[in-house]
Amino acid sequence: MRSRKISFVVTLVIIALAWLNYFEHEKLREAQRQVKLLSAKVHRLEALLDEARLPVIPDTVSQEKSRLNQGRNYQAAVEAFEKQIQDLPEAGRVEPPAFPPPNSAEVQAIQKMKQGSILRTRHRAASNMLDNALGELLDLPPETAERFRALVIERQAAANEYIVQLLSRDLTEGQRAELAEQAAAVVQPLDAAIAQTLGEELNQVYQDFEDVRMARIQHQLAVLAEKDADVPLNAVYEEQLLDLMVQQIQDYPSLQSTRTPQGFARVLQDPEIAFERTEDLATYHHEISQMTDGLLSPEQSAVLNANLQLQREMQESGLAILTQTVPGTE
């Protein structure tokens, strides 16, 4: 009798363990299923992000709209994926691996990247505003405007390619002189084609405008920063700030545009002028900050100085764009 009771108890224990094992196995299968589901969603997200990735394309009206649409698609894909993750049942939720919090250096790097993104957005907006202003100033017929734009793009691409090479400190004096001759042979015919397309009077207008493009960019970035901070300048003060920046930048050849023949010739004749850019930019910003006393309110001055400091930090950290990355490409 006693052995029968023991057998009955053992049988019950075995059955209980079997059922427990079955349920655990089912939970494991469900978790695996959720992992596969999550993996499929991740792959789908990657496909969506690849489709929505922003290409580097020239800024025309139609292409800018395409860029905005792709940006919206990218954001929508991210939001949809985040919602799918949140909707997963708790039983199947796969916890991400635990990572240590970022150290102070990583936090600073992340912050600089965020600041760089802000500067990129402002810089693109400022560049577009200047291009539109130049277009209105020249007021060219459509066919002439298209040819002019194509020549400017080709000319700037060629100039940038040679400027990047000329900035190398490993070049000997002879190599640098030879490279400068090659650059002039490529860029000067494009300058001549631009002058012929515009005519003497409009070509001078174009060169005058481009020779102070850096100051205009600085001004537009400052105005955009003020608007972002909800302390915008009125139209009169905007004009006064622009006049101040354009006038002051004349003292700094390294900060003037290389889009014009004069600006590009300066770099060919003296590549060291490009290396003066960082120091000159800091001095230029300091002078602008002092000269705006009385023109701006304390709040506006604080925003302006923070924006100028951000531009210098981006240049020094190597995360800046266009004007900060390659001298003369503003």
- Message: Looking at region 109-150 only, could you name the residues that are modelled with pLDDT under 80, within 22 Å of Val223 (Cα to Cα), out of contact with any helix residue (DSSP H, G or I) (no Cβ under 6 Å at 6 or more places or on another chain) and among the hydrophobic types (A, V, I, L, M, F, W, C)?
- Response: Met113, Ile118
- Scan region 251-280 and report the pairs whose first residue is assigned to a helix (DSSP H, G or I) and whose second residue is of a type in the set (Asp, Glu), with Cβ atoms within less than 7 Å and a gap of 6+ or a chain change. Ser254/Glu276; Ser254/Asp280; Leu255/Asp280; Pro261/Asp191; Gln262/Asp211; Gly263/Asp211; Thr278/Glu316
- Note on the structure: Expected output for region 137-150 (first residue more than 12 Å from Leu198 (Cβ to Cβ), partner basic (Lys, Arg), Cβ below 6 Å, 6+ apart or cross-chain) is none
- Message: For region 206-220, check the following and say yes or no: at least one residue is open to solvent by 30 Å² or more (accessible area, probe 1.4 Å), out of contact with any Asp or Glu (no Cβ under 9 Å at 6 or more places or on another chain) and among the aliphatic types (A, V, I, L, M).
- Response: no
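Does Ile194 satisfy the condition of being of a type in the set (Val, Ile, Thr), touching a residue at least 40 places away in the same chain (Cβ under 8 Å), more than 18 Å from Ser254 (Cα to Cα) and surrounded by 15 or more Cβ atoms within 10 Å (Cβ to Cβ)?
Here the answer is yes, as Ile194 does meet what is asked.
The values are calculated or read from the model by the stated rules, or taken from the named source; none is laboratory data. Source: prediction; values computed, not measured. Note: ideal-geometry Cβ built from the backbone for every residue, glycine included; neighbour counts use all protein chains shown. We work out accessible area using only protein heavy atoms, side chains counted, and drop any ligands, DNA or RNA first. Shrake-Rupley method; radii C 1.70, N 1.55, O 1.52, S 1.80 Å.
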